[in-house]
1. List every residue pair whose Cβ atoms sit under 7 Å apart, with the two residues 6 or more apart in sequence or on different chains, where the first one lies in the range 53-64 and is without any contact (Cβ under 8 Å) to a residue 40 or more places away in the chain and the second, anywhere, is assigned to a loop (DSSP other than H, G, I, E, B) and of a type outside the set (D, E, K, R).
2. Just checking, does the range 204-212 include any residue being farther than 22 Å from Ser154 by Cβ, at pLDDT 70 or above and of a type in the set (Gly, Ala, Ser)?
3. Just give me the residues in the range 110-125 being more than 12 Å from the chain's Cα centre (by Cα) and part of a helix (DSSP H, G or I), in sequence order.
4. So Phe17 fits all but one of (1) farther than 19 Å from His59 by Cβ; (2) part of a helix (DSSP H, G or I); what number is the exception?
5. Kindly indicate whether Asn268 is open to solvent by 10 Å² or more (accessible area, probe 1.4 Å) and modelled with pLDDT of 80 or more.
6. Quick one: in the range 96-109, which of the residues that are within 30 Å of Ile292 (Cα to Cα) and open to solvent by 40 Å² or more (accessible area, probe 1.4 Å) is farthest from the chain's Cα centre (by Cα)?
7. Check the range 147-169 and report whether any residue there is open to solvent by less than 20 Å² (accessible area, probe 1.4 Å), in a strand (DSSP E or B) and without any contact (Cβ under 8 Å) to a residue 40 or more places away in the chain.
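The values are calculated or read from the model by the stated rules, or taken from the named source; none is laboratory data. Just so it is clear, the model here is predicted, and its values are computed rather than measured. Note that we place each Cβ from the backbone using ideal geometry, even for glycine, and neighbour counts take in every protein chain shown. Heads up: the accessible areas ignore ligands, DNA and RNA and are worked out on the full protein's heavy atoms, side chains in. Shrake-Rupley method; radii C 1.70, N 1.55, O 1.52, S 1.80 Å.
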Amino acid sequence: MLTERQELILKTIIQDFTRTNEPVGSKTVMTQLPIKVSSATIRNEMAVLEAQDLIEKTHSSSGRIPSSDGYRYYLDNLVEPLQLSESVYNQIVDQLDRPFHQVNEIMQEAAKILSDLTNYTAFAEGPESYDVTITGFRIVPLSNRQIMAILVTSDGNVQNQIYALPHNVHGDEIEKAVRMINDQLVGKRLEEVTPSLLKALSSKSVGGEHAGELLSLVEDVIKDAASEQMYVDGRINLLNNASENDVKDLRSLYELVDHNDLISELLNCSPEKDSKYPVQVRLGSELPNELIKNYSLLTAEYSVGDHGKGTIALLGPTNMPYSQMIGLLEYFRNELAKKLLDYYGKFQ
């Protein structure tokens, strides 16, 4: 552990580097410290911090910048979440306080709000769908051989996909299959509708000769409805932390952000899942992907009671203002949970 004075100096260096993105010298630290200390003493303390790999020297300046270990020490021991300003509070309230027709719309708006407020890339993962049941299934013809399959669930969500039908499938067969699907599947939880159940229904041939083909279509729609939905906003903000030499890495990073399974893996890879702190901060050096070595990932879990848990997250530069970002996510996760509980309450 550091002394109180060393902690103050480290905290000052990190906060100044966050504001300016420039190396910090002893004279700058001296003018910003809340205690009176000579420049020589500060230089000595900075030498101690450097020896402990908490700060490091750059080639272009005599000043120091925080190291990954320095940021980790700061995040574990010194960071203090800040309360939201009134303008930020009002923006969140205004954008969430409008009618939403589906959970997916709320999650999409949540990612947009976080991205707009921070200029970082934001993620919003919806709550698990353990107790969600099927309330209806229908097929709408779009053209001679094209249909839209629509699945409605008990939480008000509507999942739809467009398919091209084989030439030997006729309208009356589709109608029989839809009736059979509604008779057999409405009221069942999404997780209960397994491939083996659908195969058993197909073997009955209740829906006509091509029931199996239509049931495989249903399986696709249900699989999408049951999967955790990840919404991303602010991809363009990745450019804010990239140099002209990083074009190749930036392209790969864009691809990473667009892969929901990879992002979900990153959001859930924290070894501190049971931490007492609601917001987890992982530095790029602590994450299992070289592409985000110069970024930090902040994640916060929210709970919607019996409807499950979800996650919101921010991906931004390592030298972000952590106090503000942690304070924002702490507040926002609670407001998002309230909004979702209010939404789910309409279906009780």
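1. Once the first residue is without any contact (Cβ under 8 Å) to a residue 40 or more places away in the chain and sits in the range 53-64, its partners that are assigned to a loop (DSSP other than H, G, I, E, B) and of a type outside the set (D, E, K, R) give Asp53/Ser67; Glu56/Ser67; Thr58/Pro23; Ser61/Pro23; Ser62/Gly25.
2. Going residue by residue through the range 204-212, those that are farther than 22 Å from Ser154 by Cβ are 204-212.
Next cut, at pLDDT 70 or above only: none.
The answer is no, given that none of the residues of the range 204-212 is farther than 22 Å from Ser154 by Cβ, at pLDDT 70 or above and of a type in the set (Gly, Ala, Ser).
3. Selection gives Ile113, Asp116, Leu117, Thr118.
4. (1)
5. no
6. Per the criteria, the residue is Glu105.
7. Yes: the range 147-169 contains one or more residues that are open to solvent by less than 20 Å² (accessible area, probe 1.4 Å), in a strand (DSSP E or B) and without any contact (Cβ under 8 Å) to a residue 40 or more places away in the chain.
To keep it simple, each residue is scored yes or no on (1) closer than 24 Å to Tyr120 by Cα; (2) under 12 Å from the mean Cα position of the chain (by Cα).
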| site | (1), (2) |
| --- | --- |
| Tyr302 | yes, yes |
| Gly305 | no, no |
| Ile312 | yes, yes |
| Pro317 | yes, no |
| Leu329 | yes, yes |
| Phe332 | yes, no |
| Ala337 | yes, no |
| Tyr344 | no, no |
